[in-house]
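What follows is a single structure, written as structure tokens, with notes after it.
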Amino acid sequence: MAAASASKELITVSIQKKSPHDRYDVTGAWLEGDDVGDRKFIKIGDLELESGEVLPDVTIAYQSWGTLNAARDNAILVNHAMTGWSDVPGWWPSMVGPGLPLDTDKYFVLCPNVIGGCQGSTGPSSIAPDGARWGSRFPSVTIRDMVAGEIAFSDAIGIKKYKLALGPSLGGMRALEWAVMHPERVGAICTIGSSAVATGDQIGTAAIQIRAIKSDPFYSGGDYYDKDCGPVEGMGIARRIAHLTYRTEAEMDVRFGRQLQGDDTGRFAVESYLDHQATKLATRFDANTYIALTEAMNSHDIGRERGGVGPALESIIVPVMVLSIDTDRLFPPRLQAEIAELAPHAAPVETITSPFGHDGFLVEVESVGAVVRKALAL
């Protein structure tokens, strides 16, 4: 998986912010003409995918914090989770900044939006070379394709090696692939609530979410960008299913139980809560990206064409820090234990206690931050 025709062209985007638009009933993706915010954009050229297809003229949207030192050896790569994006402080509060675990007084922190994403990097909602949005024509991507894009991005901005590559969930999958595919490019990795391979339970739950989106009558086979409505309801159902796997049964029962919302809808309070989560996602995410990234996670297998999970993990030569959340039902602790047991330079698993399940990595920032500091010490 090589990046061909790589370019170091930095794109300067200067676009006036639009007035609030009414397209969230189609997509919540960042589209050309939207407020750029703190995003930066860089071209990485054509990207050859594992499938043999070539994704042409790829753009990566990214954000950075801190300053790259003269030796260029203080860079940290943050691999965002599935519905994350380049704005780390936006989705992972209290982690990046002066004196924080990813201390910007010491480190140069980078977070690129993955290929297939919907917040500025080339993905299904992006404009293809023929001037129309990719939509259903966007090729399937794998975790290794995402890492190939991140490698090309790193080359384009002149980062030869990261002190640490870290990430939760989908981000942890990519960090593992960095360690296997390009150990010379990372000093250490840290996986958070992640795994070496997608399990049958994860694939099954994810497949239902994909089915929900594709069953939406407004999905239009993935080509809905020029329509009045997109598969927002289908994506909302997918998000509701997913969110339950991100949290815990105990939290849902203690927090909501059988309590009614108390309005004229007759809904249970937990229904209202899940409705809110679906609505929030609709304002910043795209249904095609939801499918593309979910399918990439389903394809995750660190041992594919490497002799199996054991030999692949045993081949890792860089230090590995593994963080587990004791109540995570999406990525149960046994999956993190497998990584720590088989990777020869892995530190003992760091387990944090949280009532919030998989989402504990977002909520328990003090505990997670302490583990990140240990990873940097590796």
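The values are calculated or read from the model by the stated rules, or taken from the named source; none is laboratory data. Please read these numbers as outputs of a predicted model, since none were measured by experiment. Cβ: placed from backbone, ideal geometry, glycine included. Neighbour counts: every protein chain shown. All accessible areas refer to the heavy atoms of the entire protein, side chains included, with ligands and DNA or RNA removed. Shrake-Rupley method; radii C 1.70, N 1.55, O 1.52, S 1.80 Å.
Might you let me know whether the range 97-113 holds any residue that is at pLDDT 95 or above, closer than 20 Å to G149 by Cβ and touching an Asp or Glu at 6+ places or on another chain (Cβ under 7 Å)?
Checking the range 97-113: at least one residue is at pLDDT 95 or above, closer than 20 Å to G149 by Cβ and touching an Asp or Glu at 6+ places or on another chain (Cβ under 7 Å).
If you check S121, S126, S154, which single one turns out to be under 25 Å from T283 (Cβ atoms), in contact with a helix residue (DSSP H, G or I) (Cβ under 9 Å, 6 or more places away or on another chain) and touching a residue at least 24 places away in the same chain (Cβ under 8 Å)?
None of the others qualify; the one that does is S121.
With respect to the numbered conditions (1) of a type in the set (D, E); (2) at pLDDT below 95; (3) in a strand (DSSP E or B), which one is the sole condition not fulfilled by E32?
E32 satisfies every listed condition except (3).
Please give the number of the condition R247 fails out of (1) farther than 23 Å from I325 by Cα; (2) in contact (Cβ under 8 Å) with a residue 60 or more places away in the chain; (3) touching a helix residue (DSSP H, G or I) at 6+ places or on another chain (Cβ under 8 Å); (4) surrounded by 21 or more Cβ atoms within 10 Å (Cβ to Cβ).
(1)
For the range 267-378, please list each of the helices (runs of 4 or more DSSP H) lying entirely inside it that holds at least 3 residues being in contact (Cβ under 8 Å) with a residue 24 or more places away in the chain, out of contact with any Pro (no Cβ under 6 Å at 6 or more places or on another chain) and not acidic (D, E).
Passing ranges, in order: 269-282, 287-298, 309-314, 333-342, 365-377.
Give the range 143-172 a look and list any residue that's open to solvent by less than 10 Å² (accessible area, probe 1.4 Å), within 18 Å of R306 (Cβ to Cβ) and out of contact with any strand residue (DSSP E or B) (no Cβ under 8 Å at 6 or more places or on another chain), or say none.
If the condition is that a residue be open to solvent by less than 10 Å² (accessible area, probe 1.4 Å), within 18 Å of R306 (Cβ to Cβ) and out of contact with any strand residue (DSSP E or B) (no Cβ under 8 Å at 6 or more places or on another chain), then I143, M146, V147 are the ones that fit.
Name, by its number, the condition in (1) closer than 16 Å to L244 by Cα; (2) open to solvent by less than 10 Å² (accessible area, probe 1.4 Å); (3) over 21 Å from the mean Cα position of the chain (by Cα) that does not hold for I316.
Among (1) closer than 16 Å to L244 by Cα; (2) open to solvent by less than 10 Å² (accessible area, probe 1.4 Å); (3) over 21 Å from the mean Cα position of the chain (by Cα), the lone unmet condition for I316 is (1).
Condition test on G303, is it open to solvent by 50 Å² or more (accessible area, probe 1.4 Å), out of contact with any Cys (no Cβ under 8 Å at 6 or more places or on another chain) and not polar (S, T, N, Q)?
In short, no.
In the range 127-142, which residues are surrounded by fewer than 24 Cβ atoms within 10 Å (Cβ to Cβ) and either assigned to a loop (DSSP other than H, G, I, E, B) or of a type in the set (A, V, I, L, M) (or both)?
I127, A128, P129, D130, G131, A132, W134, F138, P139, S140, T142
Considering each of T265, T289, T283, T279 in turn, give the residue that is open to solvent by less than 20 Å² (accessible area, probe 1.4 Å) and either on the phi < 0 side of the Ramachandran plot or of a type outside the set (K, R) (or both).
T289
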